[in-house]
Amino acid sequence: MTSIIAAIYSVLGLFYVLLFLFAAYSLYAMISAAPFVPTAKKRVKKMISLSGLRNDMTMMDLGSGDGRIVFEAAKTGAHCVGIEINPVLYYWSRIKQGIRPRKNVLFRRESLWETDVSHIDVLTIFFIHPKMEKLMKKLRTEMKPGALIVSYAFTFPGWQYEIKDDKIYVYRVER
Ligand SMILES: C[S@@+](CC[C@H](N)C(=O)[O-])C[C@H]1O[C@@H](n2cnc3c(N)ncnc32)[C@H](O)[C@@H]1O
């Protein structure tokens, strides 16, 4: 009986630690770039198809949440990278990757503001409006010419998109 109670307390303890971590990092993420709001699966498919992603390309989801965009993109055979600051979301993505391993998927836990995007062919983002200008400056400076950015829901101020489909905007980096 005592060991059952101890097990229940351990599970509850772990749950509260995860909840605390998730809440603390969600707050940080909201201030840093965007809170965790997953893109609807139907729109994820649309984002990938609009990007024209192929198996000889590298894509990155900047702020990858539960990894859904990365996993969908991986179906094309492209090398796919998810960048996520929230450890709960990062490890959740890693667990999903462990359950159904895919060689072309990689998750990294780091701040997207520090991420090297210079080699990326297709970048997917779902930010919030106040952070779009700061992000635009980073991407226009660091990404290679010809690279595509697929943004869900928000546009970059003063930058004309190439494609608009519903709430998905596709930009091409130029020099
Ligand atoms: C709106 S969600 C998008 C999630 C996923 N891309 C999708 O569309 O389903 C934004 C994600 O960015 C992450 N994020 C926010 N600030 C970050 C930062 N500085 N570095 C890395 N990830 C960050 C959040 O934790 C959250 O998971």
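The values are calculated or read from the model by the stated rules, or taken from the named source; none is laboratory data. As the structure is a computational prediction, the values presented were derived from the model and not from experiment. Cβ sites come from the backbone with ideal geometry, for glycine too, and all protein chains shown count toward neighbours. What goes into the accessible areas is simple: the full protein's heavy atoms, side chains included, and nothing from ligands, DNA or RNA. Shrake-Rupley method; radii C 1.70, N 1.55, O 1.52, S 1.80 Å.
See the values below:
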read-out	value
Angle in degrees between helix 87-99 and the longest Cα principal axis of the chain, rounded to the nearest 10	90 degrees
Angle between the chain longest axis and helix 2-32 axis [Cα atoms, degrees, rounded to 10]	20 degrees
Sequence of 150, 17 when ordered by accessible area, the most exposed leading, probe 1.4 angstrom	17, 150
Nearest-ten-degree value, helix 132-142 long axis tilted from longest Cα axis of the chain	70 degrees
Residue-averaged 222 nm ellipticity for the chain, from DSSP H runs of 4+ at -39500 (n - 2.57), nearest 500	-13500 deg cm²/dmol
Derived scalar couplings ³J(HN,Hα) [the stretch 61-68; Karplus, 6.51 cos²θ - 1.76 cosθ + 1.60; whole Hz; x for Gly, Pro]	9, 8, x, 8, x, 8, x, 4
Approximate spin-label separation residue 31-residue 75, in nm, with each point projected 7 Å along Cα-to-Cβ	3.8 nm
Those residues of the stretch 96-121 whose amide nitrogen sits under 16 Å from the label point placed on residue 55, 7 Å along Cα→Cβ	102-105
Orientation-averaged projected area, Cα convex hull of the chain (nm²)	11.0 nm²
Given charges at beta-carbon only (K, R positive; D, E negative), |dipole| of the chain in Debye	400 debye
Charge dipole magnitude, Cβ of K and R +1, D and E -1 - the stretch 64-143, Cα centre, debye nearest 20	240 debye
Accessible area per residue, Å², the chain with all protein chains present, probe 1.4 Å	55 Å²
The stretch 111-175: relative contact order in percent, alpha carbon pairs under 8 Å with at least 6 residues between	33 percent
Reciprocal of mean inverse Cα separation for the stretch 78-171 (Kirkwood radius, Å)	14.5 Å
Orientation-averaged projected area, Cα convex hull of the stretch 1-94 (nm²)	7.5 nm²
Point-to-point label distance, residue 172-residue 155, nm (Cα→Cβ direction, 7 Å offset)	1.8 nm
Volume per residue that the Cα convex hull of the stretch 45-93 spans, once the total is divided by residue count, Å³	60 Å³
Set of aspartates and glutamates near residue 41 by C-alpha distance (under 14 Å), chain-local residues within fewer than 8 positions excluded	66, 72
Straight-distance crosslink candidates among aspartates and glutamates, where the alpha carbon sits under 15 Å from residue 134 and sequence neighbours closer than 8 are dropped	114, 142
Exposed GluC sites (Glu not before Pro) absent - longest run of the chain, DSSP non-H/G/I/E/B, at most 13 other C-beta within 10 Å	1-109
DSSP-loop chymotrypsin sites (Phe, Trp or Tyr not before Pro) across the stretch 90-166, with at most 14 other Cβ within 10 angstrom	none
